[in-house]
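> Could you have a look at this structure, given as structure tokens, before my questions?
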Amino acid sequence: MSPSPPRPRRVAVSSAGARRLLRAVRLIVFDFDGVFTDNGVLVGEDGREYVRCTRADGIGLEAVRQMGVELLILSTETNPVVGARAAKLKLDCLQGCADKGATLERLLADRALKPAEVAFVGNDVNDRDCLRRVGVPICVADAHPAVLPLARLVTRRRGGEGAVREICDAIVRARDGT
């Protein structure tokens, strides 16, 4: 039995080694909880949920959108807070996806995208299939240890603390050569 090929080394999203991968990205698909948020939740006595996000993400997302990169949130949960944040950021949003991997596969086929043209940003075990299906799998710094080995790129920032903005800024730098 021959040895399996070595896994690509993980690098920081902002590193020079990430530029080649990020330059080719035409679609970024984000998980929501633990990526846009710090994975915490406040629950009011009426049962409504509240999450903490950073406003800085919006500026980064708009810069990437202006470069022609498509953006989408793909979430297992159906939660009004996800839809509200997506609407505020002008992001397409698919919620209630029991099989995120199959949904992502259909998105790639529908948009005629190659895996190398797609980044997925995740943080937990329900993101495994998506991270395996794209050419640019990205995890936030505080991702669950079970998914970190699937990432080619890892942010320095934690989910909800500027990880999305870090990814966007890295794509802008990769595209404009700075």
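> Which of the residues belonging to the stretch 55-90 are closer than 10 Å to Phe32 by Cβ and within 13 Å of the chain's Cα centre (by Cα)?
Result: Ile73, Leu74, Ser75.
> Just checking, does the stretch 118-131 include any residue being within 12 Å of the chain's Cα centre (by Cα), more than 16 Å from Asp33 (Cβ to Cβ), part of a loop (DSSP other than H, G, I, E, B) and small (Gly, Ala, Ser)?
no
> While we're looking at this one, here's another question. Taking Gly58 as the residue in question, decide whether it is small (Gly, Ala, Ser), in contact with a Leu (Cβ under 7 Å, 6 or more places away or on another chain) and at pLDDT 95 or above.
Considered against the rule, which asks whether it is small (Gly, Ala, Ser), in contact with a Leu (Cβ under 7 Å, 6 or more places away or on another chain) and at pLDDT 95 or above, Gly58 comes out as yes.
> Return yes or no: is Glu70 acidic (Asp, Glu), surrounded by 13 or more Cβ atoms within 10 Å (Cβ to Cβ), in contact with a strand residue (DSSP E or B) (Cβ under 9 Å, 6 or more places away or on another chain) and within 19 Å of Arg165 (Cβ to Cβ)?
yes
> Do we find that Gly96 is touching a residue at least 12 places away in the same chain (Cβ under 8 Å), in a loop (DSSP other than H, G, I, E, B) and within 14 Å of the chain's Cα centre (by Cα) in this structure?
no
> Shifting gears a bit: Kindly indicate which of Asp142, Asp169 is charged (D, E, K, R), in contact (Cβ under 8 Å) with a residue 12 or more places away in the chain and touching an Asp or Glu at 6+ places or on another chain (Cβ under 9 Å).
The match here is Asp142.
> On to the next question. Condition first: assigned to a strand (DSSP E or B) and either surrounded by 13 or more Cβ atoms within 10 Å (Cβ to Cβ) or in contact (Cβ under 8 Å) with a residue 40 or more places away in the chain (or both). Now tell me which residues in the stretch 23-43 satisfy that.
Those that are assigned to a strand (DSSP E or B) and either surrounded by 13 or more Cβ atoms within 10 Å (Cβ to Cβ) or in contact (Cβ under 8 Å) with a residue 40 or more places away in the chain (or both): Leu27, Ile28, Val29, Phe30.
> Give just the number: which of (1) assigned to a helix (DSSP H, G or I); (2) buried (at least 18 other Cβ atoms within 10 Å of the Cβ) does Glu105 not satisfy?
So the condition that Glu105 fails would be (2).
> Then there is this: Condition check: of a type in the set (Gly, Ala, Ser) and at pLDDT 95 or above. Does Ala119 satisfy that?
Against the criterion (of a type in the set (Gly, Ala, Ser) and at pLDDT 95 or above), Ala119 qualifies.
> Output the number of residues of the stretch 45-84 satisfying the condition of being farther than 22 Å from Gly96 by Cβ, of a type in the set (Gly, Ala, Ser) and part of a loop (DSSP other than H, G, I, E, B).
1
> Let me ask you something else. Is there a residue being surrounded by fewer than 20 Cβ atoms within 10 Å (Cβ to Cβ) and under 16 Å from the mean Cα position of the chain (by Cα) anywhere in the stretch 44-53?
Taking every residue of the stretch 44-53 in turn, none turns out to be surrounded by fewer than 20 Cβ atoms within 10 Å (Cβ to Cβ) and under 16 Å from the mean Cα position of the chain (by Cα).
> Looking for whichever is more than 18 Å from Leu61 (Cα to Cα) and either among the β-branched types (Val, Ile, Thr) or touching a Cys at 6+ places or on another chain (Cβ under 6 Å) (or both) here; the options are Val147, Val121, Val136, Val140. Which one fits?
None of the other options fit; the residue is Val147.
The values are calculated or read from the model by the stated rules, or taken from the named source; none is laboratory data. It should be emphasised that the depicted structure is a prediction, and the values quoted were computed from it without experimental measurement. We place every Cβ from the backbone using ideal geometry, glycine too, and count neighbours over all the protein chains shown.
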